[in-house]
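The values are calculated or read from the model by the stated rules, or taken from the named source; none is laboratory data. Note that the structure is predicted; figures quoted are calculated from it, not measured. Cβ atoms come from the backbone with ideal geometry, glycine included; neighbour counts cover every protein chain shown.
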There are 2 protein chains.
Amino acid sequence: MAIGVIATITIRKGKNAEFEQLFTGLTEQVLANEPGAIFYALHRTKSDSQVYKVLEQYASQDALKAHGQTAYFLAASKKMGALVTAAPDIEVLEAV
Amino acid sequence: MAIGVIATITIRKGKNAEFEQLFTGLTEQVLANEPGAIFYALHRTKSDSQVYKVLEQYASQDALKAHGQTAYFLAASKKMGALVTAAPDIEVLEAV
């Protein structure tokens with residue numbers, strides 16, 4: 001069964017451009033290397049310029065788990081640690 | 001610029017199966033007829049069995065507008081009116 005994710009990420013003021021560049025590179029790697037990543041796309045929210053939402057869908061729970069264990073995801077997450085105000089909020093959904 | 005949408009829909013108790021069937025048919029029509037609908041997928045939330053989230057992305061604001069004006073979307077929306085507890089909550093996002 002496919003799995004959806006909404007990841008809400010709040011970025012420190014002045015770090016938006018650095019975050020967007022980092023996440024764009026991550027997205028390219030996800031889409032190039034993970035056939036189980038059906039959708040993976042960063043978005044700006046309209047309510048708060050510091051808050052982003054990543055809309056994601058994976059073919060399976062295993063594909064989601066594999067995503068979180070890739071070297072490029074772990075490296076990007078480590079770099080993002082200096083850009084965010086807190087740990088991302090991750091909502092996991094079940095595709096109908 | 002691509003546009004993301006998170007539509008949160010709360011369904012009346014006992015109406016889940018009818019809603020899921022209706023929305024599955026709508027999704028098939030969206031994906032078959034709207035090249036500007038990049039992603040369109042219904043999900044169940046884990047926190048509340050009555051609450052669903054649709055993750056959507058469109059190629060442009062025009063594609064989102066066109067989606068809302070299709071005959072099948074308007075027909076499905078009308079039928080959904082009897083299944084929901086309130087109007088859906090629609091969050092529009094700007095793809096990075």
Failed item, numbered, when A:Gly14 is tested on (1) away from chain B (no Cβ under 11 Å); (2) of a type outside the set (S, T, N, Q); (3) surrounded by 12 or more Cβ atoms within 10 Å (Cβ to Cβ); (4) outside any strand (DSSP E or B) | (3)
Residue count, segment B:17-59, condition free of Cβ contacts under 8 Å to residues at least 40 places away in the same chain and in contact with a Leu (Cβ under 9 Å, 6 or more places away or on another chain), comes to 13
In segment A:67-96, anything modelled with pLDDT of 95 or more and part of a loop (DSSP other than H, G, I, E, B) is listed as A:Gln69, A:Thr70, A:Gly81, A:Ala82, A:Leu83, A:Thr85, A:Pro88, A:Val96
Looking for whichever is modelled with pLDDT of 95 or more, more than 20 Å from B:Ile38 (Cα to Cα) and outside any loop (DSSP other than H, G, I, E, B) here; the options are A:Leu42, A:Leu26, A:Leu22, A:Leu31. Which one fits?
-> A:Leu22
What residue, among those in segment B:37-62 that are buried (at least 18 other Cβ atoms within 10 Å of the Cβ) and small (Gly, Ala, Ser), is nearest to the other protein chains (Cβ to nearest Cβ)?
-> B:Ala41
Can you tell me which of A:Glu56, A:Glu18 is charged (D, E, K, R) and under 23 Å from B:Glu56 (Cβ atoms)?
-> A:Glu56
